[in-house]
Amino acid sequence: MRRLIRFLPALLLGFLPGLAHATEWLARPAIYPPDTWQGRTVAVVRVLDKLDAHTELLNVPVGQDMPYKSLTLRATSCLQRPATLPADSTAWLDVHDAHEGMAAFQGWMAVAEPATGVFQNPLYDVQLVGCAGDNVAPMPPPLAVVAAPTEVAPAMTTPDGQPASPEASGGNATPIAPQAAPQPVSPPMPAMPPEPADEGAAPLMLH
């Protein structure tokens with residue numbers, strides 16, 4: 001027990017650098033936009049048959065045709081409002097009746113505002129109830145990926161010591177270190193005049 005207590009400070013000191021390194025690269029959590037609608041794979045539609053007052057709920061898969069008696073329903077997309085806002089769903093629906101002379105419907109239907117998109121004819125009423133199925137796009141963006149900071153390259157310089165522009169360096173050139181100033185060179189020594197020739201000269205006589 002005493003040995004464990006003796007080595008406990010050393011163990012703590014060994015773990016501290018790792019903990020500091022782990023918290024150094026911790027990024028702030030991403031905050032999703034509160035008004036991002038979630039896409040779903042199924043549009044739930046209620047169909048009223050006016051001949052017998054029968055209603056039925058239909059699960060219309062997005063991108064597929066759903067036949068019902070003389071109707072053909074197709075959902076292009078179904079969006080559900082996020083839980084942070086009041087509940088609502090909307091879907092783009094195409095509804096066609098096979099009977100001659102029946103007008104087709106193509107547009108958005110919203111649960112909270114049923115009057116914005118209504119399909120009614122002498123035989124059927126179609127109304128959107130909600131969205132179901134799996135989550136698909138559009139959806140909230142993923143969390144930010146934590147990346148280690150990259151090393152900053154040294155500033156680029158020209159041979160005369162001035163900073164170089166990125167266009168001149170091409171973005172990949174290595175930095176050029178400034179060259180040392182040239183040392184002054186002393187002027188050359190003047191040449192000695194040639195000695196006169198002694199041809200024909202009489203020898204110097206010392207008296």
Pair list, Cβ < 6 Å and 6+ apart or interchain, from segment 101-123 residues that are free of Cβ contacts under 8 Å to residues at least 40 places away in the same chain and among the small types (Gly, Ala, Ser) to residues that are open to solvent by less than 90 Å² (accessible area, probe 1.4 Å) and in a loop (DSSP other than H, G, I, E, B): 107/117; 112/88
Residue that is nearest to residue 118 (Cα to Cα), among those in segment 54-108 that are open to solvent by less than 30 Å² (accessible area, probe 1.4 Å) and of a type in the set (S, T, N, Q): 90
Strands (runs of 3 or more DSSP E) fully within segment 35-114 counting 2 or more residues that are among the polar types (S, T, N, Q): 38-49, 54-61, 71-80, 89-97
Hits in segment 109-129 - residues which are of a type outside the set (Asp, Glu) and open to solvent by less than 50 Å² (accessible area, probe 1.4 Å): 109, 110, 117, 119, 121, 123, 124, 126, 128
Among residues of segment 109-124, those that are under 21 Å from residue 56 (Cβ atoms) and polar (S, T, N, Q), counted: 2
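The values are calculated or read from the model by the stated rules, or taken from the named source; none is laboratory data. Worth saying up front: this structure is predicted, and the values here are computed from it rather than measured. Glycine gets a Cβ as well: all are built from the backbone with ideal geometry, and neighbour counts include every protein chain shown. We work out accessible area using only protein heavy atoms, side chains counted, and drop any ligands, DNA or RNA first. Shrake-Rupley method; radii C 1.70, N 1.55, O 1.52, S 1.80 Å.
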